[in-house]
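K.L.:
This is the structure I have questions about; it appears just below.
The values are calculated or read from the model by the stated rules, or taken from the named source; none is laboratory data. No experiment lies behind these values; they were computed from the predicted model shown. As a convention, Cβ positions derive from the backbone with ideal geometry for all residues, glycine included, and neighbour counts pool all protein chains shown. All accessible areas refer to the heavy atoms of the entire protein, side chains included, with ligands and DNA or RNA removed. Shrake-Rupley method; radii C 1.70, N 1.55, O 1.52, S 1.80 Å.
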Amino acid sequence: MVTMLQLSRTRLLLRISCAPCITSTRGRKSRSDPTAKSKVSRIKYPPMVCIEELLNVRHRYREYTTILGAMRADFKEEMLRSRFEQQVGSFAEQRLHLEAMEHAALMAWNKEENNKALRRRLERLKVEDQAFKALRIEATKIRDKVELEEQHERELEIERLQELSKTFITPENLVERIEAALDSPKSYNFCLDRDGRILRQGVGQS
């Protein structure tokens, strides 16, 4: 016959010191509500429990926790051992060797990239120098051409002034120019109005 164990349990009531701020709505009863009259004298008993089954479950749970703890300890020991080997063991030397090889490879790659960048920079500077020389030569040609044009214009201006200077009145040809003006039938006895028309005394406008 299976022995049954009946456990008693006391009921705890929580009391609220102040009224809730939320308005009451239809639904489940709160813990502060009084017990219904039909349930005041009712005593709640826990369900019936089999002692053998309870002891068996406790024993199995104890075995489960023991096995799980042993497995965790074994895994932790293996992890700590591997970490120790990586830090101070043969794995550390191998890792340092690999890191040194990787560093040397990276330094060689960096040197090669720097040499490529230097060659590209020298080529770019050479092209820029050639372009600057070509521009300077072109600017020199343009400046020489402008100077030649200005010199030619100055020569033409000098020739024109020389031609005009032949008609200038000088002390040497003053008498000749006076006689030529007196002998000339052209009369300069007139004036101009605002529209540029010639006005002569006793003669119509022209």
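K.L.:
Specify which of the listed residues (Ile158, Ile198, Ile169, Ile178) is surrounded by 10 or more Cβ atoms within 10 Å (Cβ to Cβ), touching a helix residue (DSSP H, G or I) at 6+ places or on another chain (Cβ under 6 Å), more than 30 Å from Gln86 (Cα to Cα) and at pLDDT below 95.
P.N.:
Numbers: Ile158 fails: touching a helix residue (DSSP H, G or I) at 6+ places or on another chain (Cβ under 6 Å); Ile198 fails: touching a helix residue (DSSP H, G or I) at 6+ places or on another chain (Cβ under 6 Å); Ile178 fails: touching a helix residue (DSSP H, G or I) at 6+ places or on another chain (Cβ under 6 Å).
Step by step, each of Ile158, Ile198, Ile169, Ile178 is checked, and only Ile169 is surrounded by 10 or more Cβ atoms within 10 Å (Cβ to Cβ), touching a helix residue (DSSP H, G or I) at 6+ places or on another chain (Cβ under 6 Å), more than 30 Å from Gln86 (Cα to Cα) and at pLDDT below 95.
K.L.:
Sticking with this structure for a sec: Would you check if Pro46 is over 60 Å from the mean Cα position of the chain (by Cα) and surrounded by fewer than 10 Cβ atoms within 10 Å (Cβ to Cβ)? Spell out how you get there, then give the answer.
P.N.:
On the way: over 60 Å from the mean Cα position of the chain (by Cα): yes; surrounded by fewer than 10 Cβ atoms within 10 Å (Cβ to Cβ): no.
Spelling it out, it is not the case that Pro46 is over 60 Å from the mean Cα position of the chain (by Cα) and surrounded by fewer than 10 Cβ atoms within 10 Å (Cβ to Cβ).
K.L.:
Would you confirm, using the coordinates I've provided, whether Lys133 is open to solvent by 100 Å² or more (accessible area, probe 1.4 Å) and more than 30 Å from Gln86 (Cβ to Cβ)? Quick ask: steps written out before the conclusion?
P.N.:
Values: open to solvent by 100 Å² or more (accessible area, probe 1.4 Å): no; more than 30 Å from Gln86 (Cβ to Cβ): yes.
For Lys133, the condition - open to solvent by 100 Å² or more (accessible area, probe 1.4 Å) and more than 30 Å from Gln86 (Cβ to Cβ) - is not met.
K.L.:
Kindly indicate whether Gln130 is under 60 Å from the mean Cα position of the chain (by Cα) and among the polar types (S, T, N, Q).
P.N.:
Values: under 60 Å from the mean Cα position of the chain (by Cα): yes; among the polar types (S, T, N, Q): yes.
Against the criterion (under 60 Å from the mean Cα position of the chain (by Cα) and among the polar types (S, T, N, Q)), Gln130 qualifies.
K.L.:
Here's another thing I want to ask about it. Scan segment 50-91 residue by residue and report those that are in contact with a Phe, Trp or Tyr (Cβ under 6 Å, 6 or more places away or on another chain) and open to solvent by 100 Å² or more (accessible area, probe 1.4 Å). Steps first, please.
P.N.:
Step one: list which residues in segment 50-91 are in contact with a Phe, Trp or Tyr (Cβ under 6 Å, 6 or more places away or on another chain), which gives 85.
Of everything in segment 50-91, nothing turns out to be in contact with a Phe, Trp or Tyr (Cβ under 6 Å, 6 or more places away or on another chain) and open to solvent by 100 Å² or more (accessible area, probe 1.4 Å).
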